[in-house]
Protein chains: 2
Amino acid sequence: MLSGGPSSTGGVNKGPFLAPDVAVVGAGPIGLAIAWRCAARGLRVVVHDPAPGSGASQVAAGMLAPVAEAYFGERELTGLLTESAARWPGFAAELAEAAGADIGYRTEGTLVVGLTADDLAEARRLWAYQQGLGLPVTPLRPSQLRDREPALALRVRGGALAATDHQVDPRGLVPALRVAAERAGAVLVAEPVRRLSDVTAGVTVVAAGCGAAALTGLPVRPVKGQVLRLRAPDGGPPGFRHVIRGYADGEHVYLVPRNSGEVVVGATVEERSDLAVTAGAVLRLLRAAVDLVPELAEYDLVETVAGRRPGTPDNAPILGPLPGRPDVLAATGHHRHGIVLTPVTADLIADLITGNAPDPLLTPFRPDRFVTAPGSGAGVGVGSGGGSGPVTSGLPARSEQWTEDA
Amino acid sequence: MLSGGPSSTGGVNKGPFLAPDVAVVGAGPIGLAIAWRCAARGLRVVVHDPAPGSGASQVAAGMLAPVAEAYFGERELTGLLTESAARWPGFAAELAEAAGADIGYRTEGTLVVGLTADDLAEARRLWAYQQGLGLPVTPLRPSQLRDREPALALRVRGGALAATDHQVDPRGLVPALRVAAERAGAVLVAEPVRRLSDVTAGVTVVAAGCGAAALTGLPVRPVKGQVLRLRAPDGGPPGFRHVIRGYADGEHVYLVPRNSGEVVVGATVEERSDLAVTAGAVLRLLRAAVDLVPELAEYDLVETVAGRRPGTPDNAPILGPLPGRPDVLAATGHHRHGIVLTPVTADLIADLITGNAPDPLLTPFRPDRFVTAPGSGAGVGVGSGGGSGPVTSGLPARSEQWTEDA
C-alpha cells in the first residue's frame, strides 16, 4: 500500500519517466474507474490495455439490479451489490460531469415478471428471500403490472417492482470513464501486459477480467454470455420503460430498453470460452423475449454477440492484495455484476491504495479465500504469465463463510 | 428481334464503339446467364449493373425444387420450373467448365417433411396434387425418413422424397456466371440504368429484378424474404445431406446444407420492401429449424439477411417483348424461383433474340398478359424512369389461363 497521501514519490504527474504510483492492468469499467478514482486523488496512474473497453463490458446490458439479482446463499455479495447500487446515483452524476457525457443512467426501476404459474412460483420464492433481507421488492397484481407496462403479454401471470434497480449503458459508460480518467491525469498505454513483471509501479491493480487468471493464478474462468440487441422500428423509443427481468417457461431473460430505441436481450450463462453465437441461444432468448413482450417480434434484430464474464468458484469478485504480494491488488472476478459493482470496487480499491484501513465490506472477497490451506504451499501466487500460475484449489478456504453458496 | 445469325452488324466483339447487339440491364443470375448465352452465340453483349450479383441472389438459398414447390393452380409455372430443373445438370456442367469454378451443384434430392399430424396432412394434400401432375414425389415412412437423415427430430411425423429436386449455391453461381459471360465476350458496365433510353442496343433485356417496375411499368413488386445462415460447429459439414423442406407447426421452412458446413434457413414471404431483419422472423425460422433438426441449436448463427424477390400479380415470371416494343424483352418477376429458372430463361430469351420462333413454353409468361384490356389505352408500356411508368391493372388480362391461381 502507498501510505499517507497522494504520492510517496512526492508529486502529481511528474511525467512519463517516473515509475507511476499505480499501474492498472485492464481498461474495462473496473480498471478505468479505479484509475479515475486514484488519479483524482493525485496519484500518478498508468492503465495498460491493448484494446480498452473491448471485453465483457461491450456485451453487458448494464442492469444495476442488486435486488432482482439477490440470490439464495449470496448474502455477502448482495450486500456489496446493494452498497454499490446505492453509490451509483452519485457516481453517475460525478462521471457525467467529469466526462461531459451521457452514460444512459435511468431510474425507472425493474419489473420482475413470471410468464407461467410455475415461473411465478419460482419468482415468488425468490421475492420472499429478498424481502427477508430487507430489500425493496414489491409484488404487483397483473393489473398493476400492465398499468405500468402495457406492452407486457396478457399471459404474464404476475410480477414485482424493484424500484431501486436501475440501469446504465455500458457502451456509454466505458468511454466516459476513459475521458474522466484521462482528464484526471491517468495515462493509457495501448499495450498488453503478459506478466506482472512487465509493469513497474508502486501498486499494480489487476483488473483484467478473465485475463487475471494468467497474470495471478487466481481461479478466474470465462463464463460465456450471449446477448441480442433489438431496435424499435421507425426510430422510436421502445414500447416499455422499465427494465424487465423475466421468467418465461423456465428461461431467465432480461430486457433493457434504451432511450436510443435499443433493447438489450440477455443472456445465456455458459461454461465455455468461445465467442460463437449459436442458433439455440438466439432462439431461447428471442422466444422468451417475445413471449413476455409480444411487440418485440416487430423489432429489428440488429446485433448478436457473445462475451466472456470473469467467473469465480463462488460467483463473487476477488478484491484486494494477493497473498504475499501486498503491492499487487486484484479487482476481478465480477462475473455478471461488473457494471453494478464498478463504483464500490473503484472506491474501495482506491482506499486501499491510499493507505486507508480495508473496508469490512471487502473481507469476504479477499483473494486469500482461494488459498487451499494455510501453510500447504499450494495456493494463489503471482503467475509468470501464459496461464502457468500456481494451481489453486478452486474452492474457498474459508468455507464457513460460503456454506450457503450454490 | 435480331434475325439470322450471330450479329446483324456483321461481327463479334468489334469493340466498345459499336452499339452492342444486346444490352442486358441487371447482372443477377438471370441477366448474367442471358448475357453468357447470347455472347456464346456470337452477339455483342453489354451488361449494365452498378453492383453485379447484389440483389435477391445474394440472399437466395438455391433450391432447384420444381416438385416440392409445385403448388395448386400454378400448373404452367410448374411446367416451366420442371423444364428448367431438367436443364440444370447440363447447365451446371457447362458453367463449371466455362468458368472453371465450383457452383455447389448437389443432387442428393429434397426431403419434404411434416412435424405434426396437421403439418403432415397439409403436405400430403400437396403430394397428391404433385403426383397427379406426374411429378416424382415418393412418400416415405418415418423409419425410411430417419434412415436417410438421422438428424431429423423423432417428432417428425412423416415425409416424402423429391429425388430430382437439387440445389446450387447462388453465391457461387453468380461469380461463375460473370466469369463465363465475360470469357464469352460480354462486357460489364458498372453503372445504373435509370431509363431505357440510357441504353442503345439492338435488343434491350430488362433483367433488373424489382428494378424492372420503374424501367418498364410492369407490375413487379418487392416481396421481402428473411434468411439465416448457420454453420456447423468445428468446421465440419452439416449433419444432413438432403435439402429439407419442412412444415413445422404451420411454418414453412427450408434447410439447405452446403459442403462448406453452411446451412441456409429460409424464408419469410412478406409484402413489404424494407430490408430489416426482425426478431419475430428470426424466431420463427429458428424455431421451425430446430424443431425439425434439433442439432441445429448447436450451430453458429453466422448471418441474418433480408432480400427482395421480384413478385408479380400471378406469382409467375414475365418473359418476352413488351407490348409495342419488340426491341425490349422482359426477363423478370421470377419471385421465389429465380435460381431454378435461370437456365430456361437464358435459353429461351437467347432464342428470341436470335430470331427463333418463341418457344410455346413462354406463352403463359408474356408481358402482355398484364395489359388491362385490348385497346383500352391503359397497360404496360415503357416507363420514363423513376417509377413513373404507365399504371397497369395488376391482374392478368388473359384471365381464363389463370383461373386456378391463388
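The values are calculated or read from the model by the stated rules, or taken from the named source; none is laboratory data. Since we're looking at a predicted model, the values are computed, not measured. Ideal geometry is used to build each Cβ from the backbone, glycine not excepted, and the neighbour counts take in all protein chains shown. Accessible surface is based on the protein model in full, side chains and every heavy atom, while ligands, DNA and RNA are left aside. Shrake-Rupley method; radii C 1.70, N 1.55, O 1.52, S 1.80 Å.
Residue-by-condition table, conditions (1) at pLDDT 95 or above; (2) among the acidic types (D, E); (3) farther than 24 Å from A:L81 by Cα:
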| site | (1), (2), (3) |
| --- | --- |
| A:R366 | yes, no, no |
| A:V382 | no, no, yes |
| A:G385 | no, no, yes |
| A:P396 | no, no, no |
Filter result for A:P310 (away from every other protein chain (no Cβ under 12 Å) and either acidic (D, E) or open to solvent by 10 Å² or more (accessible area, probe 1.4 Å) (or both)): yes
Index of the failed condition, B:P233 passing every other in (1) open to solvent by 20 Å² or more (accessible area, probe 1.4 Å); (2) farther than 14 Å from B:V302 by Cβ: (2)
Long-range neighbours under 7 Å by Cβ, at least six apart or interchain, first residue touching a residue at least 60 places away in the same chain (Cβ under 8 Å) within region B:251-272, second surrounded by fewer than 17 Cβ atoms within 10 Å (Cβ to Cβ): B:N259/B:P237
Test: residue in region B:192-204 that is modelled with pLDDT of 95 or more, of a type in the set (D, E) and at negative phi: no
Among (1) open to solvent by 10 Å² or more (accessible area, probe 1.4 Å); (2) at pLDDT 80 or above - the single one A:V344 does not satisfy: (1)
Among residues of region B:143-192, those that are more than 12 Å from B:L32 (Cβ to Cβ) and touching a Leu at 6+ places or on another chain (Cβ under 7 Å), counted: 17
Among the residues listed as B:G261, B:G239, the single one being in contact with a Gly (Cβ under 7 Å, 6 or more places away or on another chain) and closer than 21 Å to B:D165 by Cα: B:G261
Odd one out for B:V67, checked against (1) at pLDDT below 95; (2) of a type outside the set (G, A, S); (3) surrounded by fewer than 20 Cβ atoms within 10 Å (Cβ to Cβ): (3)
Single condition B:V156 does not satisfy, out of (1) assigned to a loop (DSSP other than H, G, I, E, B); (2) open to solvent by 10 Å² or more (accessible area, probe 1.4 Å); (3) farther than 29 Å from B:A93 by Cβ: (2)
Whichever residue in region A:265-295 is small (G, A, S) and within 13 Å of chain B (Cβ to nearest Cβ) and, among such residues, is farthest from B:L283 (Cα to Cα): A:A276
Qualifying residue in region A:44-55 (condition: closer than 21 Å to A:Q131 by Cβ, under 17 Å from the mean Cα position of the chain (by Cα) and either basic (K, R) or open to solvent by less than 60 Å² (accessible area, probe 1.4 Å) (or both)): no
Residues of region B:251-299 satisfying the condition of being open to solvent by less than 50 Å² (accessible area, probe 1.4 Å) and assigned to a loop (DSSP other than H, G, I, E, B): B:R258, B:G261, B:A267, B:T268, B:D274, B:A276, B:V277, B:V293, B:Y299
The listed residue being modelled with pLDDT of 95 or more and more than 10 Å from chain B (Cβ to nearest Cβ), out of A:E298, A:E262: A:E262
Residue list for region A:225-258, restricted to those being basic (K, R) and within 13 Å of chain B (Cβ to nearest Cβ): A:R229, A:R231
Failed item in (1) outside any loop (DSSP other than H, G, I, E, B); (2) open to solvent by less than 60 Å² (accessible area, probe 1.4 Å); (3) more than 27 Å from A:R229 (Cβ to Cβ), with A:L135 passing the rest: (1)
Residues that are farther than 30 Å from B:G280 by Cβ and surrounded by fewer than 24 Cβ atoms within 10 Å (Cβ to Cβ), drawn from region A:329-341: A:H335
Flag if B:T164 is open to solvent by 10 Å² or more (accessible area, probe 1.4 Å) and within 23 Å of the chain's Cα centre (by Cα): yes
Any hit, region A:18-26, residues being open to solvent by 10 Å² or more (accessible area, probe 1.4 Å), part of a helix (DSSP H, G or I) and in contact (Cβ under 8 Å) with a residue 40 or more places away in the chain: no
